[in-house]
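Q: Pasting in a structure now, in structure tokens, and then I'll have a few things to ask.
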Amino acid sequence: MACYQLLAVILLTDEVAEPHLLWDQFKARLCDDVKHKLHHINYYQADQEKPEDDIYDYGLWDLNRILVGIGRSLADFPPMSLPQQQWAHRIPNPLLQAEQYNVDEMATLVDEQRAIFNPDQLLLLMLSWSLSLTIRVIFSLFMLLVVVGRHFFVIILLLRLEGEVR
């Protein structure tokens, strides 16, 4: 996970001209733990061979999940590959498994309850969604400031060095 986060930060700096080449060069190392993850979520049996395409696709999905969490996605970095499978639907939620909830019944119940919300409850629901989006936007702006600040620092450093050389 830490490697995906590092790659996400590298992508966010927009310093890499060809991010797909960076992915191609390091995807085997980045996806070292994916075989174990796929076995752990019971996607494959322990003795079953895991196709490399699935392993790298899961790696792309995991990287994209991190980027989406901060308001970006792999689609923002063409020609980066995009995950081809819907991994989110294949990964069981441990909280729901521990309680042995029927996910389909819960989804139906949520839809039924949402239909009978009064206007104040709907407003609170919308406000909570907006707050979540606002927090993501603030985090994205913070990351942008970090990137811009880093460039500003480098420019100031170069100007000082240039002044010392003259």
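The values are calculated or read from the model by the stated rules, or taken from the named source; none is laboratory data. Here the structure is a predicted model, which means the values were calculated and not measured. Quick reminder, even Gly has a Cβ in these numbers, built from the backbone with ideal geometry, and neighbours come from all protein chains shown.
Q: Going by what's in this entry, would residue 65 be described as at pLDDT 85 or above, surrounded by 12 or more Cβ atoms within 10 Å (Cβ to Cβ) and farther than 20 Å from residue 146 by Cβ?
A: Yes.
Q: Go over the candidates 104, 53, 47 one by one and state the one that is loosely packed, with under 13 Cβ neighbours inside 10 Å and either under 12 Å from the mean Cα position of the chain (by Cα) or modelled with pLDDT of 85 or more (or both).
A: 53
Q: Name the pairs: first residue in region 132-148 and farther than 10 Å from residue 70 by Cβ, second residue modelled with pLDDT of 70 or more and not in a helix (DSSP H, G or I), Cβ to Cβ under 6 Å, at least 6 apart or on different chains?
A: From region 132-148, the pairs are 147/13.
Q: Test residue 58 against the stated conditions and say whether it is at pLDDT 85 or above, of a type in the set (Phe, Trp, Tyr) and either out of contact with any Ser or Thr (no Cβ under 9 Å at 6 or more places or on another chain) or not assigned by TED's automatic domain parsing to the domain that holds residue 143 (or both).
A: yes
Q: Residues 20, 39: which one is out of contact with any Lys or Arg (no Cβ under 7 Å at 6 or more places or on another chain), surrounded by 12 or more Cβ atoms within 10 Å (Cβ to Cβ), in the same structural domain as residue 78 (by TED's automatic domain parsing) and modelled with pLDDT under 75?
A: On inspection, the qualifying residue turns out to be 39.
Q: Please go through (1) out of contact with any Asp or Glu (no Cβ under 6 Å at 6 or more places or on another chain); (2) modelled with pLDDT of 80 or more for residue 85 and return the number of the only condition it doesn't satisfy.
A: The single condition residue 85 does not satisfy is (1).
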